[in-house]
Amino acid sequence: MIRFDRVAKRYPPGIDALSALSFEMTAGDMLIVSGHSGAGKSTLIKLVAAIEKPTSGAVLVGGQNVGTLSRSALPFLRRRLGLVLQDQKLLFDRSVFENVMLPLSITGFPPKEAMQRVRAALDKVGLAMREKALPIALSGGEQQRLAIARAVVSRPALLLADEPTAHLDAETAADVARIFHEFHRAGVTVLIATYDGHLFPDARTLRLDHGCSVA
Amino acid sequence: MRERSAWITDAQSHDGCLEFPMNIWLVNHGRALRIALRRLIAAPLTTLLSLLAIGVALALPAGGQMLLNNVQRLMGSTSATPQISVFMAVDAGRGAATELAARLKKHPAVKQQRFLPREDTLQRMKANAGLREIIDVLPDNPFPDAFIVTAIADQPATLDLLVEEFRQWPKVAHVQLDSAWARRLEALLRLSRNVVILLGGLLAIGLIAITFNIIRMQVLTHRAEIEVSQLLGATNGFICRPFLYFGALLGFAGGATAWLLIAAAAWWLRTPLDDLLHLYEFTFSLQSLSLVDSALLLGIATGLGWLGALLSLGQHLRHS
Ligand SMILES: Nc1ncnc2c1ncn2[C@@H]1O[C@H](COP(=O)(O)OP(=O)(O)OP(=O)(O)O)[C@@H](O)[C@H]1O
Ligand SMILES: [Mg+2]
């Protein structure tokens, strides 16, 4: 599903976020990426979603080299991903419901069916009662779960999450972790960057240190 | 939180809705149109001012076109085919006139001819009191025999040739084409038409500039939405469509505003113009834009709005 082949990423002034990173994930895997702040976890996630391009090496997603993807092919990669970024990128002028609806509007999903899916996704993360609220009216944990609902509403085969449990109390964090476990059990490939590796005791872990994989 | 239900699956197979591309197309365009309309209504004052700016810009060339069409209609209703006046020499004699009449009759380019004997002319002129005093003083009839000739052709070039030919004929003193004023007016009309086209071109660029700027502001205010949509897999088309519809709608509504301005102006000017023309013994009623011109106005306005939006998006989406 995902393969990194000696991937390096250097940001403009000369910061090496990742160097010679190689790893592989098969479909249905769950992989936790951990490491200190600045280790390159977010960079890894962004490379998979083709938000950043590798400086060298190849990032393969579903057999496709996403580093060389054309602008016009990019949307169709993104549609196959569920993406939860570290800054959740919610739209604060739209209701909870509309935020989750957005991915389905983008793919041109029939409206009626789309609404059912949105409700199901919100129900899944425990936000069914808040669909009319604006994101600003949600707590940090609720916003986090809203971002997850938006990522999974189109039922992607691959779910990427960057610090989905950051700033959450232990109980809420465990709740969120359980949601990801459920998706994993349903066959979704799950890649999570997190400090809270202990929330996913059964998952394989990739530990990063200054952009390098350590055992 | 509920236990896992059946809905989560679908990890491999992709959205069933892709089987109906026509539906997607409709849903997408309907959505874009709705968003564009909502954005227009959301800021009524801005929309109103934009419409006024676009409407006035379009009303100038379109109004010019309307006036020109009316002038042309007026000309068509008054100036019949131009006539050529052929004056004989005063001393030509009736024999020469009969000869000339026969010659004109045979001429293939002549449609009609009317003989004006010099005696009749004298009588007609004497009817005017002021002239009679002068004429009475003169020893002889100062007026020549004359013919009023209507040609088959009405192109200025052909008529000029005909005039030249008549001038060569014996005993002909003077030939006059009485369409000079009409031709001057026609030349003026042609010039005016070019001015209208020039004005139209300039204001079209102005309209594109107006929508360009409006869409630029729209893109700025919707920057977050655009970024998120791109992250979620929106194509460029999906992102641009509401803005394009916005530009097109703005153009269309601006065109409609221009149409209303012109119709109002025509209605307002109709009565005083009627009265004026009545003094010149014309019966004429000012018409607003024709159906074709109206459709053209709306179509061009819509297209220009769309184009302005397209150019703006090309400029401002590249950097996001
Ligand atoms: N857009 C950028 N421009 C320049 N440098 C960047 C950029 N993004 C990240 N970096 C640098 O790359 C390195 C890795 O960043 P990254 O965000 O991947 O770390 P992280 O492991 O996600 O950290 P955290 O746990 O704090 O989120 C850091 O040193 C960071 O300063
Ligand atoms: Mg990070």
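The values are calculated or read from the model by the stated rules, or taken from the named source; none is laboratory data. The structure presented is a predicted model; accordingly, all values stated were derived computationally and were not measured. We place every Cβ from the backbone using ideal geometry, glycine too, and count neighbours over all the protein chains shown. Side chains included, ligands, DNA and RNA excluded: accessible areas come from the protein's heavy atoms. Shrake-Rupley method; radii C 1.70, N 1.55, O 1.52, S 1.80 Å.
Run through the range A:53-132 and list the chymotrypsin sites (Phe, Trp or Tyr not before Pro) located in a DSSP loop whose Cβ has at most 14 other Cβ atoms within 10 Å.
Here the sparse-neighbourhood loop sites are A:PHE92.
Which value, in Å² and to the nearest 10, is the accessible area of B:GLU186 when all protein chains are kept and the probe is 1.4 Å?
Counting only protein heavy atoms, the figure is 80 Å².
Mind listing the phi-derived Karplus ³J(HN,Hα) values for the range A:44-53, rounded to whole Hz, using 6.51, -1.76 and 1.60 with θ = phi - 60°, and x for any glycine or proline?
4, 4, 5, 5, 5, 7, 6, 7, 10, 10
Which of rounded, prolate or oblate describes the range B:137-226 when judged by the alpha-carbon gyration tensor and an a/c cut-off of 1.5?
prolate
Can you pull the one-decimal nm distance between simple spin-label points at B:ASN236 and A:SER70, each 7 Å off the Cα toward Cβ?
1.1 nm
Taking amide hydrogens as modeled 1.01 Å from N in the peptide plane, which residues meet the under 5 Å criterion relative to A:SER19, leaving out close sequence neighbours?
The answer is A:LYS9, A:CYS212.
Which residue, B:LEU231, B:LEU269, B:LEU207, tops the fluctuation ranking in a GNM of chain B built on C-alpha contacts under 10 Å?
B:LEU231
How big is the accessible area of B:GLU164 in square angstrom, nearest 10, if you roll a 1.4 angstrom probe over the protein chains?
90 Å²
Averaged per residue, what accessible area in Å² does the protein assembly as shown show with a 1.4 Å probe, protein chains only?
With the other protein chains kept in place, the protein assembly as shown gives 51 Å² per residue.
Send over the Kirkwood Rh of the range A:92-154, from the inverse of the averaged 1/r over different Cα pairs, rounded to one decimal Å.
Evaluated over the range A:92-154, this radius sits at 11.2 Å.
What is the projected area of the convex hull of the Cα atoms of chain A, averaged over all directions, in nm²?
11.8 nm²
For an R0 of 25 angstrom, estimate the FRET efficiency from the Cβ-Cβ distance between B:LEU198 and B:LEU291 and round to the nearest 0.05.
Taking R0 as 25 Å, the efficiency between B:LEU198 and B:LEU291 is 0.50.
Decide, for the range A:82-192, between rounded, prolate and oblate: order the square roots of the alpha carbon gyration tensor eigenvalues as a ≥ b ≥ c, take rounded if a/c falls under 1.5, and otherwise choose prolate if a/b is larger than b/c, else oblate.
It comes out oblate by the Cα gyration axes.
Could you order A:LYS46, B:LYS171 so the one with the most accessible surface comes first? Probe is 1.4 Å. Display every interim value, and only then the final one.
Working: A:LYS46 65, B:LYS171 110 Å².
Most to least solvent-accessible, the answer reads B:LYS171, A:LYS46.
Around A:ILE51, with a cut-off of 14 angstrom between Cβ atoms, what is the net charge of the other residues, counting Lys and Arg +1 and Asp and Glu -1?
Counting the neighbours of A:ILE51, the net charge comes to +3.
Find the sum over both chains of the accessible area lost when B and A are paired, probe 1.4 Å, and report it in Å² to the nearest 100.
It comes to approximately 3400 Å² buried between B and A.
Positive end of the charge dipole of chain A (Lys, Arg +1 and Asp, Glu -1 on Cβ, about the Cα centre): tell me which of A:ALA133, A:ALA174, A:SER105 has its Cα farthest that way.
Toward the positive end, the furthest listed residue is A:SER105.
Suppose R0 equals 60 Å; then what is the FRET efficiency for B:GLU165 and B:GLN315 from their Cβ-Cβ distance, rounded to the nearest 0.05?
0.40
Taking the square root of 5 times each eigenvalue of the Cα gyration tensor, what semi-axes in Å does the equivalent ellipsoid of the range B:38-170 have, largest first?
57, 22, 10
Running a GNM on chain A with Cα contacts under 10 Å, which residue among A:ALA186, A:ALA128, A:ALA120 ends up with the highest mean-square fluctuation?
A:ALA186
May I ask for the distance between the Cα centers of the range B:249-320 and the range A:1-72, given as a whole number of Å?
First find each Cα centre; the distance between them is then 56 Å.
For B:LEU122, tell me the accessible area in Å² from a 1.4 Å probe, rounded to the nearest 10.
My reading of the accessible area for B:LEU122 is about 30 Å².
Keeping the other protein chains in place, figure out the carbon and sulfur percent of the accessible area of the protein assembly as shown, with a 1.4 Å probe. Show your work: numbers first, answer last.
On the way: 16870 of 27360 Å².
Carbon and sulfur atoms account for 62 percent of the accessible area of the protein assembly as shown.
Cross-link partners among lysines for A:LYS46, C-alpha distance below 28 Å, same-chain residues fewer than 8 apart left out?
A:LYS9, A:LYS89, A:LYS124
Pop the C-beta distance of A:TYR11 and A:ARG119 into the FRET formula with R0 = 35 Å and round what comes out to the nearest 0.05.
0.30
What is the percent of Cα-Cα separations in the protein assembly as shown that go past 33 Å?
More than 33 Å apart: 62 percent of the Cα pairs in the protein assembly as shown.
Kirkwood Rh and Cα-based Rg: tell me the resulting Rg over Rh for chain B, rounded to two decimals.
Numbers: Rg = 34.3 Å, Rh = 26.2 Å.
On the Cα set of chain B, Rg over Rh gives 1.31.
Which of the residues in the range A:167-193 lose at least 40 Å² of accessible area when you go from the chain alone to all protein chains together (probe 1.4 Å)?
The answer is A:GLU182, A:ALA186 - residues whose exposure falls by at least 40 Å² when every protein chain is included.
Using a Gaussian network for chain B with springs between C-alpha atoms less than 10 Å apart, which of these wobbles most: B:ALA59, B:ALA248, B:ALA109?
Of B:ALA59, B:ALA248, B:ALA109, the Gaussian network model singles out B:ALA109 as fluctuating most.
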